[in-house]
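The values are calculated or read from the model by the stated rules, or taken from the named source; none is laboratory data. Since the structure is predicted, the reported quantities are computational estimates derived from the model, not experimental observations. A quick note on method: Cβ atoms are made from the backbone with ideal geometry, for glycine too, and the neighbour counts reach across all protein chains shown.
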Amino acid sequence: MNYILIDFSNHRKALLPFTFTRPISEIRIGILSISEKWKHHLNEEISYKTEDYLQEKFPYRKAELNTFINSTVLPTPSLIQQIKKLNSGEVLMHDENVLAYVSKDATDVNVLNKIAFQGEEVIQIKQVWDIFAKNHHAIEADFNLLTKGRTSAAIPDAVFTVNPERIFVEEGAKLYNGSLNASEGPIYIGKDTEIMENCSVRGPFALCEHSTLKMGTKIYTGTSIGPHCKVGGEVSNSVIFGYSNKGHDGFLGNSVIGEWCNIGADTNTSNLKNNYAPVRLWNYETGRFAVTGLQFCGLMMGDHSKCGINTMFNTGTVVGVNANIFGAGFPRNFIPSYSWGGSQGTMTYKTTKAFEVAEVVMKRRNLEFTEVDKAILEEVFEITSEFRRS
């Protein structure tokens, strides 16, 4: 069977700014991205049905008969089993949510024969805050998936551990003195990572391949750090997708950081309003702030965005793609894509300048800023122009 992860437009809008530059299924939650989870469970390659401007980088491969899977859904064994039993023209439903369907093309699901899902709770990523709010569960599920039947590399004697049987260290990881506490959830230390001296980690936690915790880093539960990141300071219940740095002191809590971002030294995010009121977050679809119902919510930062030293982010701040934030005081709670400035105001960050930075930053990781990457970011510049003041 040919498996395709499909983005529905209402879900894509709810997950901006992260879906400006990727299909929904390329969002990282837990240890793996959503697409990587499906590949592991299905033991098959997948393709993507998403926005046209993303399809060259994330191809759509259609066969005579295809299984389309809702890209916001996290896989489970029972869900996989029921998806594989679907016949042509059938759609698997959970309440009013489409989970998967089998068809020749991405047809209107309303014309298909509905089959009710039977099983445990379905975990979906429907809002940006779900990425950190459901990260505890996702780390646990990915940990069990990736470590089943395997033996961890040895943990050095100098590392203090709690529940070491729930700590898995991949080959090539370097650990020095510090503490790993898996009493509240598992800890996964990826291949060729480094945890420098005097770091304190409380699971559930994931450190993906080639990433580094700087000296004295404090990590609280529900945190995932994607591949090729450098992280320091204090981090709580946050997800960093990959190739991003928060290399110095400062607090990041209940936040999601995209790829190719840089958090300046001593930058702090507020994740709790001082009146304890529910957090309001920018909604791209309505063009206004919406109540989340959350008491804790920090920073949502899209790909390629940066902030200077001592930046202060208010509770529930949304930063778009390719923004550059600096200066004293609190910037606005919504900073549009391609903004340059801070609390005193912003101007448009020209694509030529932004792309120069992207090329340099990616070259440092031995990756090329391709024409395909440039075309995606040019499209993001155009479709976000309505949010910029100048």
Kindly indicate which of SER179, SER200, SER224, SER183 is farther than 23 Å from VAL256 by Cβ and either in contact with a Pro (Cβ under 6 Å, 6 or more places away or on another chain) or in a strand (DSSP E or B) (or both). SER179
Suppose we filter ASP266, ASP303 for residues that are out of contact with any Ser or Thr (no Cβ under 6 Å at 6 or more places or on another chain) and not assigned by TED's automatic domain parsing to the domain that holds THR19; which single one remains? ASP266
Looking only at residues in the stretch 7-28 that are among the hydroxyl-bearing types (Ser, Thr, Tyr) and either part of a loop (DSSP other than H, G, I, E, B) or surrounded by fewer than 20 Cβ atoms within 10 Å (Cβ to Cβ) (or both), which one is modelled with the lowest pLDDT? SER9
Pick from the stretch 141-176, criterion in a loop (DSSP other than H, G, I, E, B) and among the β-branched types (Val, Ile, Thr), ranking: farthest from GLU121 (Cα to Cα): ILE155
For ALA14, the lone unmet condition from (1) closer than 28 Å to HIS304 by Cβ; (2) without any contact (Cβ under 8 Å) to a residue 60 or more places away in the chain is (2)
For the condition of a type in the set (S, T, N, Q) and touching a residue at least 24 places away in the same chain (Cβ under 8 Å), what is the one hit in GLN55, GLN82? GLN82
Counting only residues that are in a loop (DSSP other than H, G, I, E, B) and either in contact with a Lys or Arg (Cβ under 8 Å, 6 or more places away or on another chain) or of a type in the set (S, T, N, Q) (or both), how many does the stretch 315-336 have? 6
Which one is farthest from VAL109 (Cα to Cα), of the residues in the stretch 29-51 that are of a type in the set (A, V, I, L, M, F, W, C) and buried (at least 21 other Cβ atoms within 10 Å of the Cβ)? ILE31
Scan the stretch 331-389 residue by residue and report those that are of a type in the set (Gly, Ala, Ser), touching a residue at least 60 places away in the same chain (Cβ under 8 Å) and closer than 29 Å to THR315 by Cα. SER337, ALA358
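The rows are residues; the columns are (1) over 25 Å from the mean Cα position of the chain (by Cα); (2) modelled with pLDDT of 95 or more; (3) hydroxyl-bearing (Ser, Thr, Tyr).
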residue	(1), (2), (3)
GLU120	no, no, no
PHE132	no, yes, no
GLU140	no, yes, no
ASN144	no, yes, no
PHE160	yes, yes, no
ALA173	no, yes, no
SER179	yes, yes, yes
SER183	no, yes, yes
Mind telling me which of the residues ILE69, ILE4, ILE31 ends up being assigned to a loop (DSSP other than H, G, I, E, B), in contact (Cβ under 8 Å) with a residue 40 or more places away in the chain and on the phi < 0 side of the Ramachandran plot? ILE31
Could you say whether any residue in the stretch 93-114 is in contact with a strand residue (DSSP E or B) (Cβ under 6 Å, 6 or more places away or on another chain), closer than 30 Å to VAL279 by Cβ and surrounded by fewer than 19 Cβ atoms within 10 Å (Cβ to Cβ)? no
Considering only the stretch 151-173, I want to know if a residue exists there that is within 18 Å of LEU32 (Cβ to Cβ), in contact (Cβ under 8 Å) with a residue 60 or more places away in the chain and not basic (Lys, Arg). no
Can you pull out the residues in the stretch 244-265 that are surrounded by 24 or more Cβ atoms within 10 Å (Cβ to Cβ) and either touching a Phe, Trp or Tyr at 6+ places or on another chain (Cβ under 6 Å) or in a strand (DSSP E or B) (or both)? LYS246, LEU252, ASN254, VAL256, ILE257, GLY258, TRP260, ILE263
